[in-house]
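S.K.: Dropping the structure in here first, questions after.
The values are calculated or read from the model by the stated rules, or taken from the named source; none is laboratory data. Being a predicted model, the structure only gives us computed values, none of them experimental. Using ideal geometry, Cβ is built from the backbone for each residue, glycine included, and neighbour counts are taken over all protein chains shown. The accessibility values were calculated without ligands, DNA or RNA, using every heavy atom of the protein model including side chains. Shrake-Rupley method; radii C 1.70, N 1.55, O 1.52, S 1.80 Å.
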Amino acid sequence: MAQNAGFCYGVKRAVETTKKIKLENASKKVWVLGELIHNSHVINELDEMGIKTVDELPTCESGVCIVRSHGMA
């Protein structure tokens, strides 16, 4: 059993950066294209902050798009 639990550096940075982007763009819609990380608790927390996970970007709205940490095809 691991003595410590938590996120690796890259995951921690992705989550912190996403939250920072939302704080800096509070009046804008923020989307993550695909799940930022594979953790439903974090995805729900981001959703509560107004950061929505989408499979494709809305075509009739403007805002900020964040590409998930694993990239996109």
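S.K.: Got a number for the accessible area of Ser40? Probe 1.4 Å, square angstrom, nearest 10.
M.R.: Per-residue accessible area (Ser40): approximately 80 Å².
S.K.: While we're here: Got a number for the accessible area of Glu35? Probe 1.4 Å, square angstrom, nearest 10.
M.R.: 80
S.K.: Moving to a separate point now. Between Lys12 and Arg68, with labels modelled 7 Å along Cα→Cβ, what's the label distance in nm to one decimal, could you check?
M.R.: Distance between the two pseudo-spin positions: 2.3 nm.
S.K.: If you don't mind, there's one more thing I want to ask. Hey, with R₀ at 30 Å, roughly what FRET efficiency would Gln3 and His41 work out to, going by the Cβ-Cβ distance, to 0.05?
M.R.: With a Förster radius of 30 Å, E is 0.90.
S.K.: I'd like the Karplus ³J(HN,Hα) series for segment 28-37: coefficients 6.51, -1.76, 1.60, θ = phi - 60°, whole numbers in Hz, and an x wherever there's a Gly or Pro.
M.R.: With coefficients 6.51, -1.76 and 1.60, one gets 9, 6, 10, 10, 10, 7, x, 5, 4, 9 Hz.
S.K.: Using a 1.4 angstrom probe with every protein chain in place, what is the largest-first accessible-area order of Thr59, Thr17?
M.R.: Descending order: Thr59, Thr17.
S.K.: While we're here: How much length is gained on full extension from Glu56 to Lys28, taking 0.36 nm per residue of separation minus their Cα-Cα distance?
M.R.: 8.3 nm
S.K.: Count neighbours as other Cβ atoms within 10 Å of each site's Cβ, and list the chymotrypsin sites (Phe, Trp or Tyr not before Pro) in the chain that are DSSP loop with at most 15 such neighbours.
M.R.: Values: sites: Phe7, Tyr9, Trp31; in loops: Phe7.
Filter output for the chain: Phe7.
S.K.: Lys/Arg Cβ at +1, Asp/Glu Cβ at -1, dipole of the chain taken about the Cα centre: which of Val30, Gly50, Tyr9 is farthest positive-ward?
M.R.: The residue sitting most towards the positive pole is Tyr9.
S.K.: Restricting to Cα pairs below 8 Å that are 6+ residues apart, what does the relative contact order work out to for the chain? Please round to a whole percent. It would help to have the intermediate numbers written out before the result.
M.R.: Values: 77 pairs, mean separation 26.4, N = 73.
Normalised by residue count, the contact order of the chain is 36 percent.
S.K.: Sticking with this one: When only the heavy atoms of the protein chains count and the probe is 1.4 Å, how do Asp55, Asp47 rank by accessible area, highest first?
M.R.: So, going from the largest accessible area down, we get Asp55, Asp47.
S.K.: Which label belongs to the value computed from this structure, given these candidates for Rg and Dmax of the Cα atoms in Å: (i) 12.7, 38; (ii) 13.0, 48; (iii) 14.0, 50?
M.R.: (ii)
S.K.: Compare Gly34, Gly50, Gly63 in a GNM of the chain, Cα atoms joined below 10 Å, and give the one with the largest fluctuation.
M.R.: Gly63
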